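Student: Handing you this structure, nothing more for now.
The values are calculated or read from the model by the stated rules, or taken from the named source; none is laboratory data. None of the values given here were measured: they were computed from a predicted structure. Methodologically, a virtual Cβ is constructed for each residue, glycine included, from the backbone with ideal geometry; neighbour enumeration extends over all protein chains shown. Just so you know, the surface numbers come from the protein's heavy atoms only, side chains and all, with ligands and any DNA or RNA stripped out. Shrake-Rupley method; radii C 1.70, N 1.55, O 1.52, S 1.80 Å.
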Amino acid sequence: MAVVQAAPVLFDVEATVGRFETLLAKACADGAKLVVFPEAFLGGYPKGATFGATVGERTDEGRALYARYRRSAVEIPGETFEAISAAVARHQVHVVVGVIERGGHTLYCTALVIAPDGTLLARHRKLVPTGMERIIWGRGGADDLAVVDTDLGRIGLAICWENYMPLYRTWLYEQGVQIYCAPTVDMRDSWTATMRHIGVEGRCFVLSANQFAVSDDYPAGFVADAGGPVIRGGSCVVDPFGRFVAGPVFDRGEVLFADIDLDVLDGAYLDLDVVGHYARPDLFQLRTDW
C-alpha cells in the first residue's frame, strides 16, 4: 500500500494531472497495489481563500475567483477524469484520490475509488463540508456512500472531518470496512490521534493521505508567506491496534509505503467488534433513512 503526501498546482489542471501521473508511477515502481492520494488533490484545496463572502455580502472579485476554481474542477465523466483513469489503467493498480467534482452547477469535495483497469468503482461526496467549505461545496448524499469489495479487501472512504462523525464511522464498520481510507488536509496533531482511534475502534487498517503544500503550489500572492509549508502533511498508516505502520510524516513531500496483512483482523476481533459482540443492539441501534 502507498500513501501520497503531495499537493496539486492550484488552477493548473494539466500540471496537476502530470504530478498525479508522476507520483502514481513512483508508488507503483515500489510495488504498491493500492495508492491513496489526499483530499482535493485534483481541483485543489484553496486554503485561506474567502471568495469574497461575508454574512449578507459577496464581492465581484470573490465570484471571479470561484469561477476560476470551478473551471479547474473535475467532471465525471470528463477529460480530466479520463486522463487519470487512463494513468491508473497503465499501472494496473487500485487508486483512491480526492477530487473537486463539478456536478451540474455545484462543486463537491469527492473521493474516488478507481479499479486497476481504470473503471470507477465508487464515488463518495463529502457529506458535510466543514466551516467555510460550505460556501463553495455542496453536501453529499446517501446514494454514494460505499464500501467497495476488491481483491485487496473491503475499501471504505471518509473525507477529512467526516472522520469525526461517529454514526458515519459506525455505518462504515457495519459494511465490513477493512481498508479505511481517509484523505484529508487536516495537519493537526489531533488528526493522527483520530486515525489511531479509528484503527482501534473499527479494527481496520487506516490509510490517511494529507497534502504537503508550499506557496509555490498556489498562484503568486494567493497565500501569505508564512515562512513554512501552507499544509504540512501528517500522512500515516495505522494498524487495527492503533500502531503506526508508516508515518506520520510532516514538513516534506513523501510517498509512504506499508505492507498490511488482513489476516491480522481475525485476531483483532477477539476482544472488540463495535458492530458485533461489543455492541448492545438491545440498547443502541444505528438507523439509516434512505
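Student: Taking every DSSP beta bridge with both residues inside the range 1-132, roughly what % is antiparallel (nearest 5)?
Tutor: Antiparallel: roughly 70 percent of the beta bridges in the range 1-132.
Student: If the range 118-180 were replaced by its equivalent ellipsoid, with semi-axes equal to the square roots of 5 times the Cα gyration tensor eigenvalues, what would those be, largest first, whole Å?
Tutor: Square roots of five times the eigenvalues give 22, 14, 9 Å.
Student: For the range 9-139, which whole-number percentage of the solvent-accessible area (1.4 Å probe, protein heavy atoms only) is attributable to carbon and sulfur atoms?
Tutor: Accessible surface attributable to carbon and sulfur in the range 9-139 totals 49 percent.
Student: Can you list which of the chymotrypsin sites (Phe, Trp or Tyr not before Pro) found in the range 185-239 are DSSP loop residues with at most 16 other C-beta atoms within 10 Å?
Tutor: Those satisfying the criteria are Phe222.
Student: Sticking with this structure for a sec: On a 0 to 90 degree scale, rounded to 10, what angle separates helix 79-91 from the longest Cα axis of the chain?
Tutor: 50 degrees
Student: Please tell me the relative contact order of the chain in percent, rounded to the nearest whole number, where contacts are Cα pairs under 8 Å and at least six residues apart.
Tutor: 18 percent
Student: Once each part is reduced to its C-alpha centroid, what is the distance from the range 218-261 to the range 80-155 in angstrom?
Tutor: 20 Å
Student: Accessible area per residue for the chain in Å², computed with a 1.4 Å probe and the full protein assembly in place, what is it?
Tutor: In whole numbers, the chain has 45 Å² accessible per residue.
Student: Helix-derived [θ] at 222 nm for the chain: sum -39500 (n - 2.57) over DSSP H runs of at least 4, divide by residue count, nearest 500?
Tutor: About -7500 deg cm²/dmol.
Student: Extent of the range 194-290 along each principal axis, from alpha carbon coordinates, in Å, largest to smallest?
Tutor: That works out to 58, 35, 21 Å along the principal axes.
Student: Okay, moving on. Taking the alpha-carbon set of the range 13-139, what are its Rg and Dmax in Å?
Tutor: When restricted to Cα atoms, the range 13-139 yields Rg and Dmax of 15.5, 52 Å.
Student: What are the chymotrypsin sites (Phe, Trp or Tyr not before Pro) within the range 227-256 that DSSP puts in a loop, where the Cβ has at most 13 other Cβ atoms within 10 Å?
Tutor: Phe241
Student: Please state the shape class of the range 162-209: rounded when a/c is under 1.5, otherwise prolate if a/b exceeds b/c and oblate if not, all from the C-alpha gyration tensor.
Tutor: Cα axes put the range 162-209 in the prolate bin.
Student: Taking the dipole about the Cα centre of the range 213-266, with the C-beta of Lys and Arg at +1 and of Asp and Glu at -1, give me whichever of Gly242, Pro219, Gly253 is farthest to the positive side.
Tutor: Working it through, the farthest residue towards the positive pole turns out to be Pro219.
Student: Find, to one decimal place in angstroms, the Kirkwood hydrodynamic radius of the range 233-290, where the mean of 1/r is taken over every pair of different Cα atoms and then inverted.
Tutor: This gives a value of 14.4 Å.
Student: Something else: I need the shape label for the range 120-259. Rule: rounded when a/c is under 1.5, else prolate if a/b > b/c, else oblate, with a, b, c from the alpha carbon gyration tensor.
Tutor: Taking the square roots of the gyration eigenvalues as a ≥ b ≥ c, the range 120-259 is oblate.
Student: As I understand it, the value is the acute angle between the Cα axis of helix 189-202 and the longest principal axis of the Cα atoms of the chain; what does it come to in degrees, rounded to 10?
Tutor: The answer is roughly 40 degrees.
Student: State the antiparallel share, in %, of DSSP beta bridges confined to the range 100-232, rounding to the nearest 5.
Tutor: For the range 100-232, the DSSP antiparallel bridge percentage is about 70.
Student: Report the percentage of all Cα-Cα pairs in the chain whose separation exceeds 34 Å, rounded to a whole percent.
Tutor: Tail of the P(r) past 34 Å holds 17 percent of the pairs.
Student: Next up: Just tell me the longest site-free run in the chain, where the sites are trypsin sites (Lys or Arg not before Pro) in a DSSP loop having at most 16 other beta-carbon atoms within 10 Å.
Tutor: 34-138
Student: Among DSSP beta bridges whose residues both lie in the chain, state the antiparallel percentage, nearest 5.
Tutor: 70 percent
Student: Is there a quick way to get the dipole size of the range 151-223? I mean about its Cα centre, with the Cβ of Lys and Arg at +1 and of Asp and Glu at -1; what is the value in debye to the nearest 20?
Tutor: Charge dipole, the range 151-223, about its Cα centre: 260 debye, nearest 20.
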